[in-house]
Amino acid sequence: MAASGLQILVAYPYLGTKGDLYSWYHWQGAAPPASLRLGQWLAGARHWHFAFMWLFTANALVYAVYLLASGEWRRRLFWPPRDARSAWETVLHDLRIRREPPRPVGLYNGMQRLAYTGVLLVAPLLVLTGLALYKPVQFPRLTAVLGGYDFARALHLGVLAALALFLVVHVVQVLLHPRTLVDMTVGGQAREERPA
């Protein structure tokens, strides 16, 4: 979705209305590198983007139902009284400011819960801004609530940037702690093999 979205951005690589561009966006007129784009032209990119849109939304809905129905939200989502201290300790440890590892709080530490909860909170914004951009005439109230078409477009791109940052941090964390890859792929915590 990100690659097709960046190709869509190429059609008008500015944020804000014509004649009144947003001054805080420093990449006005700059097109993303071709290696990061999918679709080759606007119509092709839109086809890819809308096809992925339904897959993304369906996946998010199934995951939300699973979290609620299974009660997993209690274990996986950030809860400040339980997780705030662990999250802070994790940040300090990862930045090498604190030597001691963070205290365990179950399967996930506080920072992991905070990151995943943040993703779950911005995902609906991604869908809503996408709908406002996709069908602004059919959803005029939604578009207005999101600050108008141009601001919804900026929000949509901002959420993409936030999710890209999450992805980069996630990959770096896996590279720093490769044993966690087993936990993520097969579930649970990796167990060391006992000698025979």
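The values are calculated or read from the model by the stated rules, or taken from the named source; none is laboratory data. Quick caveat, the model's predicted, so the values are computed rather than measured. As a convention, Cβ positions derive from the backbone with ideal geometry for all residues, glycine included, and neighbour counts pool all protein chains shown. The accessibility values were calculated without ligands, DNA or RNA, using every heavy atom of the protein model including side chains. Shrake-Rupley method; radii C 1.70, N 1.55, O 1.52, S 1.80 Å.
Identify all residues within the range 150-161 that are surrounded by 15 or more Cβ atoms within 10 Å (Cβ to Cβ) and free of Cβ contacts under 8 Å to residues at least 60 places away in the same chain; write none if there are none.
Of everything in the range 150-161, those that are surrounded by 15 or more Cβ atoms within 10 Å (Cβ to Cβ) and free of Cβ contacts under 8 Å to residues at least 60 places away in the same chain turn out to be 151, 152, 155, 158, 159.
If I filter the range 2-16 for residues that are closer than 27 Å to residue 183 by Cα and not charged (D, E, K, R), do I get at least one hit?
Yes, the range 2-16 contains at least one residue that is closer than 27 Å to residue 183 by Cα and not charged (D, E, K, R).
Taking the range 51-80 as the region of interest, how many residues are more than 17 Å from the chain's Cα centre (by Cα) and open to solvent by less than 40 Å² (accessible area, probe 1.4 Å)?
3
Scan the range 22-36 and give yes if some residue there is open to solvent by 70 Å² or more (accessible area, probe 1.4 Å), within 19 Å of the chain's Cα centre (by Cα) and either farther than 18 Å from residue 146 by Cβ or free of Cβ contacts under 8 Å to residues at least 60 places away in the same chain (or both), otherwise no.
So far as the range 22-36 goes, yes, one or more of its residues are open to solvent by 70 Å² or more (accessible area, probe 1.4 Å), within 19 Å of the chain's Cα centre (by Cα) and either farther than 18 Å from residue 146 by Cβ or free of Cβ contacts under 8 Å to residues at least 60 places away in the same chain (or both).
Name the residues in the range 5-15 that are farther than 13 Å from residue 158 by Cα and open to solvent by less than 80 Å² (accessible area, probe 1.4 Å), would you?
Hits for the range 5-15 are 7, 8, 10, 11, 12, 13.
Within the range 101-139, can you find the residues that are out of contact with any Lys or Arg (no Cβ under 8 Å at 6 or more places or on another chain) and not in a helix (DSSP H, G or I)?
Passing the criteria: 101, 102, 104, 109, 135, 136, 137, 138, 139.
Take the conditions part of a helix (DSSP H, G or I), among the hydrophobic types (A, V, I, L, M, F, W, C) and at pLDDT 95 or above and apply them to residue 142. Does it pass?
Here the answer is yes, as residue 142 does meet what is asked.
Consider the range 116-141. How many of its residues are farther than 23 Å from residue 48 by Cβ and without any contact (Cβ under 8 Å) to a residue 40 or more places away in the chain? Give the steps one after another, and end with the answer.
As a first pass, look at the range 116-141 and keep what is farther than 23 Å from residue 48 by Cβ: 116-118, 120-121, 140-141.
Remaining after also requiring without any contact (Cβ under 8 Å) to a residue 40 or more places away in the chain: 121, 140-141.
Residues flagged as farther than 23 Å from residue 48 by Cβ and without any contact (Cβ under 8 Å) to a residue 40 or more places away in the chain within the range 116-141 amount to 3.
Just one of 48, 88 is in contact with a Leu (Cβ under 6 Å, 6 or more places away or on another chain), outside any loop (DSSP other than H, G, I, E, B) and surrounded by 13 or more Cβ atoms within 10 Å (Cβ to Cβ); which is it?
Criteria check complete, one pass: 48.
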